[in-house]
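What follows is a set of notes on a single structure, which appears directly below.
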Amino acid sequence: MQENQRMSLMKWIWRSFLRIALIPLFVVELVFISIYFFSNDWANDVMMNLFKDEAQEELLHTVSRESKVITMQLESISKTTDLYRQEVEESLKNRALFTEEDQARLHYSSEGVYHTSRNLEEGGVAVFYSGATTPDHNLQKVARLLTTQGLMKHIYKTESLAEAVYFNTHDSLNVMYPYYDVMDQINPKTLIPRFNFYYEADQEHNPSRETRWTEVYLDPAGNGWMASSIAPVYKGDFLEGVVGIDVTLETIRERILDLDIPWEGFGMLVGKDGTILALPQQGEVIFGLDELNEYPYDKQIFTNTFKPEQFNLYNQSETKHFADILAEAKQGLTTAKFNGNDHFLAWSTVEGTGWKFISVVDEKQIFNDLFLLDRKLMKIGALMIFGLILFYLVFFMFLYKRAQKLSHSISDPLYEINNLVHEIGAGRYYQKDESFHIEELDETATSITSMGQTLGTANEELYKAQEELKEKESDLRALVSSIDDVIMRLDENGTYINIWTNDESKLSKTKEELIGTRINDVFYEKDALFFMVTIREVQESGQPKTIEYQIDTLAGKRWFQGRLAPIVDETGEFRHFVLTARDITDLKDLQDSLRKAKEEAEQASKAKSDFLSSMSHELRTPMNAILGFTQLLEYEKDSLTTSQNESVEEILKAGNHLLTLINEILDLARIEAGKLTVSLEPVDVQPVIDEVLGIISPLATNKRITIDHNLDLCNGIYVYADRTRLKQVLLNLLSNAVKYNQDEGCIRVECSVKDGKVHFLVEDTGLGIDDQEIDQIFEPFTRILDEKIIEGTGIGLTLSKQLMALMNGTISVKSELGEGSMFWIELPVVENISTNQNEAVEEESTVLTINEERKSLLYIEDNPANLHLVQKLISHKSNIDFMSAMNGEIGLELAQTHRPDLILVDLNLPGLDGYDVLSKIKDHPSTKEIPVIAISANAMPREIEKGIAAGFQDYLTKPLEVTTFLEALQKHL
Ligand code: ADP
């Protein structure tokens, strides 16, 4: 059977039964039956041989025994014959007389036969004296012979086989017992010596004169076929006659051959010449002969009558061969075929006669029992086979039924299980538990139902997950379609696996054409190399990387920014890359234009900065003179008229306003350029406010404005701020509160701490600001009110807001038109401040005084107004010797000659500029120790830093602030 051949369960079980149980059983049974038949056959052969041997032995034994019996019986007759012969010889010697009875029954017949006419009452002999010898009849001889009558009678009676006892003479006298009707039986002219039972005993045939047996012949006396034991009776050498005792074949057959030969065999007697002497009925059938049992004595017998030729074994082709073997040995055993059947023939010679006693047994008969036994065994065998077949039939039927039942008991649950599986397969996951008789199937069904339930649950979860996935998918799709990025999945060699985009024109070919090709092919050569390096780095590090590249897309050359990230599975094993590419062409263009704009802006800024710087320089220089000399005038106000003093005041006010404007513009410009830096440090709030209030109070007083302040809460509070800038902001707020207040108005200044922040509040009862305009007040140069009414620059609040932002603070406003405004700032509080700093700050504020020692000062300046101003400023200091130089060269000479204690240098000198002068001073050993202060109209921080870095001790900007100037002098002289 092929392994994959399909079959029903029933067929499979049935085949299994047949294969495993029935066929081996059947084969074993077959082997046993074969052994049975074979052993039967073998035993049969052995038995046959045994039987054969036994039968042969038995037959030989039988024939030998029977021949002996016959021999003995015939020997007895021979001996009796001899005895009778002797009696006859004796009787012939003596004279004798007829008894009356004999005399009376002896007569001559008309044919000259002397004969007995009747029997004696007690039985007597029959006498026949042939008519052929009539004249020579010796009646005396008859009388003498009749004396043996008694003996003859005795012999006849004692010898059971003896049929007749007789004496025949040479002259044809026959005396015979028992009596017979001689005239009826015997021809009157019979010559007895011509018969075999006479001449076979004569000198010629029997020279030894002993008793012998004749051939079988037909008895002339009417006793049928017989053989005779004959013996000659001599008188001297003359053969007087022959005695004989007849034995009829009938008798032999009945008495001798009626033997119990085993195996239904029969005995037969064969004469010396091969003539069958006695043949029983069975033999007749075999030899196809009719035994001559009856002979019709319808006519008298004159001559020897022998058995016909067909009775001679030598004359028959069937028996010739056997007869030859028979003649060779006295006894023996042979086989011969008669009527097509094998026969066993055992023979033994009957001593004295040369006859052979043969027992013939049909071989079939010997083996008959064996055959019967064999047949019985065969029958048993057949019965066994039949029984086995019957058993197998019944057994097969039983097994078939069992197989059916078994297959049903398995297939039914299997069918149920199958149904269960089908139901589950059809999506009906929750099936009720089936129960079967077979534990395994029961367990299987339970497993399947629980599997169904698990499947059901899993399916539900799967469905849920699918729904979620679908949602996510649609989200993703929406996301992909909503973003302009191209998303690509690549393998480790950079081969496209999938591409998502909502705009295929961003690809170098169509999506279908790209998938399966390598991304390197779309890059320019340098990008391809770089990409391969990046891809390896990302794979090895597991970290995403960003790359920028330009490719030829369907829409032309485009720039992309790609983010290459690895995709790993749950175990962290690398699987693919995802490349998200964003079209940054516009951005690149923008960047380009931005860069250009920036460059332009930078150039513009530089130009502006340069402009502001030069403007500042150019404005500060005259302002230096204006303010300086106005201040000098102020110092000498006592010598001026009131009107002059008012003019001086106006000049000073306008100059200061202009200076403030310049300073604020510069600050704003610096902030915008990102160049204004603040130094944040803990600043004690209270003194700063006090200082500011001190400055503002006179202004307020002018307008009869009252200032209420509640600053107790700020006592000891420090904030992180740039002190100067904080002061600047507060000043701006307070000056605005004064400026935009009404006369006799009110200002409230409050300081509080809340949430780690300090709040400064400046509230006024002034004009207020419209809601719509309130946002604009922090814009530069925004002035809501008419410029003419109230003086202002319009950049104070802008600058304040920028400065607050730089100090990490805020500025806020709340205002109502006509009611007043409320500005407040917030700054982070400094916690745990040490009070030493406070002290230090206080120390710093110590009033400076100039040393009373004699000092010399050199000022190198090309502007005579400035020279004059400085000279004026130090004129009050009598201990300072002032010298000046209009250019660097003269200045250097003076320095080297007088070695002043301090040198002031204007940076913007004709010929050697301030820096050149400094380096020369520092290079010369006699002047290198002298401190040098730069004075320049260039107030740009960059320039200040540059000056300090070059080696100036200080950098003072024009216009000179008198106090600052004097402080610098005091510090360095
Ligand atoms: P200005 O130099 O003009 O004072 P600011 O930047 O300080 O410039 O102020 C901008 C504008 O905001 C002012 O012109 C004014 O109109 C308005 N403003 C400022 N402070 C107040 C205030 N306390 N009350 C009313 N308006 C004010």
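Of the peptides 853-864, 326-337, the ranking by mean beta-carbon count within 10 Å, highest at the top, reads 853-864, 326-337.
In this view, the solvent-accessible surface of SER752, computed with a 1.4 Å probe and all protein chains in place, comes to about 40 Å². Here's the picture: charge each Lys and Arg Cβ at +1 and each Asp and Glu Cβ at -1 in the chain, and of HIS107, ASN119, MET886 the one pushed furthest to the positive end of that dipole is HIS107. Put simply, when 96-102, 736-742, 587-593, 172-178 are sorted by average Cβ atoms within 10 angstrom per residue, most first, you get 172-178, 736-742, 96-102, 587-593. So how tilted is helix 914-923 from the main axis of the chain? Cα-based, degrees 0 to 90, rounded to 10. Roughly 80 degrees, rounded to the nearest 10. Size descriptors for segment 394-457, from the alpha-carbon set: Rg then Dmax equal 14.7, 53 Å. Only the Cβ atoms of Lys and Arg (+1) and of Asp and Glu (-1) were treated as charged; on that basis the dipole of segment 483-583 about its Cα centre amounts to roughly 220 debye. Only helical runs count toward this figure. For the chain, summing -39,500 (n - 2.57) over DSSP H runs of n ≥ 4 and dividing by all residues gives -15500 deg cm²/dmol at 222 nm. Normalised by 2.2 N^0.38 Å, where N counts its residues, the alpha-carbon radius of gyration of segment 179-264 equals 1.30. Evaluated over the Cα positions of segment 545-601, the convex hull gives a direction-averaged projected area, one quarter of its surface, of 5.4 nm². Between 0 and 90 degrees, rounded to the nearest ten: what's the tilt of helix 439-482 against the longest Cα principal axis of the chain? Approximately 30 degrees, to the nearest ten. Angle of helix 368-425 to the longest C-alpha principal axis of the chain, folded into 0 to 90 degrees and rounded to 10: 20°.
Normalising by residue count, segment 483-583 has a Cα convex hull of 89 Å³ per residue. Summary value for the chain: 6 percent relative contact order, contacts being C-alpha pairs under 8 angstrom separated by 6+ residues. All Cα-Cα separations within the chain were binned at 20 Å from zero, giving a P(r) of 9, 16, 12, 10, 6, 6, 6, 6, 7, 8, 8, 5, 1, each value a whole percent of the pairs. Can you say what percent of the DSSP beta bridges in segment 693-821, counting only those with both residues inside, are antiparallel? Round to 5. Given both bridge residues lie in segment 693-821, the antiparallel proportion sits at roughly 65 percent.
Cβ-Cβ distance of VAL31 and SER450, R₀ of 56 Å, FRET efficiency by 1/(1 + (r/R0)^6): the value works out to about 0.60. Pop the C-beta distance of LYS272 and LEU373 into the FRET formula with R0 = 51 Å and round what comes out to the nearest 0.05. Between LYS272 and LEU373 the formula returns 0.75. Start at zero, step by 10 Å, and the Cα-Cα distances of segment 51-187 spread as 12, 36, 26, 11, 8, 5, 2 percent across the bins. Equivalent ellipsoid of segment 674-844: semi-axes from √(5λ) of the C-alpha gyration tensor, largest first, are 27, 18, 14 Å. Distance cut-off 19 Å, Cα to Cα: go down the list LYS506/LYS598; LYS526/LYS557; LYS52/LYS364 and report the pairs above it. Exceeds cut-off: LYS506/LYS598. For segment 674-844, lysine pairs with C-alpha atoms less than 23 angstrom apart, excluding pairs fewer than eight positions apart on the same chain, total 18. Considering only THR724, ILE705, GLY745, the residue lying farthest towards the positive end of the dipole of segment 674-844 is THR724, judged by Cα position with unit charges set on Cβ. Mean sequence separation of contacting Cα pairs (under 8 Å, at least six apart), scaled by the length of segment 674-844, corresponds to a relative contact order of 24 percent. For segment 483-583, the relative contact order is 30 percent, taking Cα pairs closer than 8 Å that sit 6 or more residues apart in sequence and dividing their mean separation by the residue count.
The values are calculated or read from the model by the stated rules, or taken from the named source; none is laboratory data. Just so you know, these numbers come straight off a predicted model, no measurement behind them. Positions of Cβ are generated from backbone atoms using ideal geometry, with glycine treated the same way; all protein chains shown enter the neighbour counts. Side chains included, ligands, DNA and RNA excluded: accessible areas come from the protein's heavy atoms. Shrake-Rupley method; radii C 1.70, N 1.55, O 1.52, S 1.80 Å.
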